[in-house]
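Can you read through this structure? Questions will come right after.
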Amino acid sequence: MLVENPADKSILAQVSEGQGKDTERAIEAAYAAFQFWQDTTAIERAQLLRALADLCERDAEELAQLESLDVGKPVENARGFDVPFGIECLRYYADLCEQEDFEKPLDLAGMKRAASLRLPYGVVGFIFPWNFPLALCLWGIAPALAAGNTVVIKPSGVTPLSTLYLAKLADEAGFPAGVINVLPGEGPEVGAVFTRHPKVRFVSFTGSSRVGRLIAESCGANLKPVKLELGGKGGIGYL
C-alpha cells in the first residue's frame, strides 16, 4: 500500500496492506492477550499508559511531522492540537484508571454479599478516518486500554503513518504483545471483519454516515455493541 503526500502526490512510504487472514490473526492475538491483560491491576495499566504518553511527548515533533505530511495539514496544527491533546488523553485515563473503583460493595438487605462490577468487553475493534488519525486513535484506545480491553485498530488507508508510529512507541513502552494491534487496509478486508467476528466484542467507527449505516446493520445482526461518530464535510467515507 503506497502512502501519498496529499500536497504534491509524492510517495511518503509503502506499508503492508492487511488482508482478511491478517485481520483474523490480529483478532486472535488480541483475544489471547486479553486473557492476561484483564487481570493486570489498574496501577499497572496506568503506568503503561503514562509510559506511552511520555514517549509520545519525547517524539512529539516526529509525530507532528508525520501527521502534517500524511494528512496535509499545517504542521503547527499538529504540534498545537493533535499531538498534545492525544498525550493529555493518555494521562487523563491513566489517572482515572487508578481512581476508579472497578468493584463496589453494595449494601442490600438480606444479601450475604453483593457488589457492582465493571468488567472489560474484551477485544475492541476501532476504525478511524483520515483527518485526525493520531488524536482520534488515542481518544478511542486510551479508555479502552485503561478498562482492561485489548484493541485492534484500522487506521484509514490513506493516513496510517502516525498510528503505525504509535504502535512502535507502545511496544517500546512495554505493552504486552497483542494488547495493541494496528492493521492498515481496506474496509472489506479489515474493518468489515470486526463487525462479524465473534471474538470482537465491541466496535467503534468514526467516518461517513453511509459506511456507518452498514456497520450498524452488521453489528446489529451479530448482536454486537457499536459506537458511531458519523458525518463530516468531506462527503467521502474511508472504511
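The values are calculated or read from the model by the stated rules, or taken from the named source; none is laboratory data. Remember, it's a predicted structure, so these values are computed and weren't measured experimentally. Heads up, the Cβs are rebuilt from the backbone with ideal geometry, glycines too, and the neighbour counts pull from every protein chain shown. What goes into the accessible areas is simple: the full protein's heavy atoms, side chains included, and nothing from ligands, DNA or RNA. Shrake-Rupley method; radii C 1.70, N 1.55, O 1.52, S 1.80 Å.
Report the far tail of the P(r) of the range 15-75, meaning the percent of Cα-Cα pairs longer than 14 Å.
Cα-Cα pairs of the range 15-75 separated by over 14 Å account for 74 percent.
Can you give the local net charge around residue 94? Use residues other than it whose beta-carbon is closer than 14 angstrom to its beta-carbon, Lys and Arg +1, Asp and Glu -1.
Details: positive: 45, 50, 91; negative: 44, 54, 57, 88, 95, 98, 100.
Its environment carries a net charge of -4.
Mind scanning 9/168; 154/199; 168/199 and naming the pairs with a C-alpha gap bigger than 22 Å?
9/168; 168/199
Expressed as a whole percentage, what fraction of the accessible surface of the chain belongs to carbon and sulfur atoms when a 1.4 Å probe is rolled over the protein heavy atoms?
Roughly 55 percent, rounded to a whole number.
Now, a different point. Just to be sure I understand: of the beta bridges DSSP finds with both ends in the chain, what percent are antiparallel, rounded to 5? Working shown, then result.
Details: 6 of 25 bridges.
Restricted to the chain, the bridges split so that about 25 percent are antiparallel.
Once each part is reduced to its C-alpha centroid, what is the distance from the range 78-119 to the range 124-139 in angstrom?
That distance is 21 Å.
Give the accessible surface of the chain per residue, rounded to a whole number of Å², with probe radius 1.4 Å and ligands, DNA and RNA excluded.
I get 50 Å² per residue for this part.
Among 114, 228, 181, whose Cα projects farthest towards the positive end of the dipole of the chain, with charges put on the beta-carbon of Lys, Arg (+1) and Asp, Glu (-1)?
With unit charges placed on the Cβ atoms, the residue in question is 114.
Pick the calculated semi-axes √(5λ) of the Cα gyration tensor in Å for this structure from (1) 39, 29, 14; (2) 33, 19, 15; (3) 31, 22, 16?
Of the labelled values, this structure produces (3).
Go ahead and estimate [θ] at 222 nm for the chain from helices alone: -39,500 (n - 2.57) per DSSP H run with n ≥ 4, summed, over the residue count, rounded to 500.
-14000 deg cm²/dmol
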